[in-house]
């Protein structure tokens, strides 16, 4: 069966795709680079550009000369022929490891273009793998996630998703919905014959699907924190040492430090890694009363950032009297610090407040360790499962809305709701994905992926 995309691509297994070429490694100078070729004309292109390669001798690397259209030597490459269908794309493929000179890479790509290939679009190799059922859409997205991972947690989550952990959970949900729909539609046939629908069986199927949906939706928040970073805000009154602590945690001078209150008027942020988890650390304006309109805007932004943060590090200076109560937000981690502890008299801090001095370094390492543990605990409930992304969350919420109002005593309406929920889940796996959705997903990929 031929599968055609909006870009004009189609499955090579149906005989309709172009042959594409691209460099699969980052642009710029390097020791080595990999050039990929995929499509029905791969064998003919290999014969023209690197005739020493024998495509029928698949999965056996060899040294081969690469020549341009005039027969001039471009480079000697390690060539790996990959005959269909046991390849990433499902098509005939050729991978060449060449020297990483930008000139050589461009010349190799140009040689294949001159022989009849066209430049690959972003994500086109992966898109062909999807078209040829080598992976589903969830796994295809994971390839891009893995390529852009910057922390251990991001890489683990993407790898689990690529291995099919999330796809398996979506497929289990799909099967539950298929069974529910089968019970409801089968019941409609019985109703026509004046036989009652088995409402208990339908309810059991609906409850099973509902529980799976809720379990998946529960991973949306920790998934967002792993992908985008746990947002940690440093808050407190003016001149309480927020910028000094921010610079200490960032290990660089990012925020201006001054003894004069009101120095920080906007949000300053840096992305860090704590315990393998990405953290977006924000310094904020001092929260307090002011007549300065610019400072008032800074305070407004500080309050907004504090209200929506995943974690807040509250500061109160040791020379500022007794620490006040700080607001508690459900689901938000709060860390309370008595800053400038080197200025304090010999006394213990109030319960729940940790002493710290960025000047002497006292308590600073404990603050780092405590914050890292709090951040890691915030996403620890994922276990070995990949978390869902925004696209997944939106589709699952559509399915949940259908199931929430499903009444088994109204079999015709219930069957329609179950069918709509099933379609939403099938979209997750790319089984009925709209072309504009695919264009957006693969448009974020690198060329060569």
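Here are 124, 95: which of them is assigned by TED's automatic domain parsing to the domain that holds residue 65, surrounded by fewer than 24 Cβ atoms within 10 Å (Cβ to Cβ) and under 30 Å from the mean Cα position of the chain (by Cα)?
Working: 124 fails: surrounded by fewer than 24 Cβ atoms within 10 Å (Cβ to Cβ).
Being assigned by TED's automatic domain parsing to the domain that holds residue 65, surrounded by fewer than 24 Cβ atoms within 10 Å (Cβ to Cβ) and under 30 Å from the mean Cα position of the chain (by Cα) holds for just one of 124, 95, which is 95.
Output the number of residues of the stretch 60-78 satisfying the condition of being in contact (Cβ under 8 Å) with a residue 24 or more places away in the chain, assigned to a loop (DSSP other than H, G, I, E, B) and under 36 Å from the mean Cα position of the chain (by Cα).
0
Which condition does residue 69 not pass, out of (1) surrounded by 14 or more Cβ atoms within 10 Å (Cβ to Cβ); (2) modelled with pLDDT under 95, if it passes all the others?
Status for residue 69: all satisfied but (1).
Condition check ((1) outside any strand (DSSP E or B); (2) assigned by TED's automatic domain parsing to the domain that holds residue 269; (3) buried (at least 18 other Cβ atoms within 10 Å of the Cβ)) across all residues:
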residue	(1), (2), (3)
295	yes, yes, yes
304	yes, yes, no
322	yes, yes, no
327	yes, yes, no
331	yes, yes, no
338	no, yes, yes
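Table: residues versus (1) touching a strand residue (DSSP E or B) at 6+ places or on another chain (Cβ under 9 Å); (2) in a loop (DSSP other than H, G, I, E, B); (3) in the same structural domain as residue 198 (by TED's automatic domain parsing); (4) loosely packed, with under 15 Cβ neighbours inside 10 Å.
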| position | (1), (2), (3), (4) |
| --- | --- |
| 400 | no, no, yes, no |
| 406 | no, yes, yes, no |
| 409 | no, yes, yes, yes |
| 414 | no, no, yes, no |
| 419 | no, no, yes, no |
| 439 | no, no, no, no |
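Can you name every residue in the stretch 218-268 that is under 24 Å from residue 338 (Cβ atoms) and at pLDDT below 75?
Answer for the stretch 218-268, where residues must be under 24 Å from residue 338 (Cβ atoms) and at pLDDT below 75: 253, 254, 255, 256, 257, 258, 259, 260, 261, 262, 263, 264.
For the list (1) over 20 Å from the mean Cα position of the chain (by Cα); (2) touching a residue at least 60 places away in the same chain (Cβ under 8 Å); (3) on the phi > 0 side of the Ramachandran plot, I need the number of the one condition that residue 85 fails.
(3)
Given the options 154, 161, 139, 214, name the one that is assigned to a helix (DSSP H, G or I), touching a strand residue (DSSP E or B) at 6+ places or on another chain (Cβ under 7 Å) and farther than 30 Å from residue 324 by Cα.
On the way: 161 fails: touching a strand residue (DSSP E or B) at 6+ places or on another chain (Cβ under 7 Å); 139 fails: touching a strand residue (DSSP E or B) at 6+ places or on another chain (Cβ under 7 Å); 214 fails: touching a strand residue (DSSP E or B) at 6+ places or on another chain (Cβ under 7 Å).
Unique residue meeting the criteria: 154.
The values are calculated or read from the model by the stated rules, or taken from the named source; none is laboratory data. Not measured: the values here are computed from a predicted model. Virtual Cβ from ideal backbone geometry, glycine too; neighbours counted across all protein chains shown.
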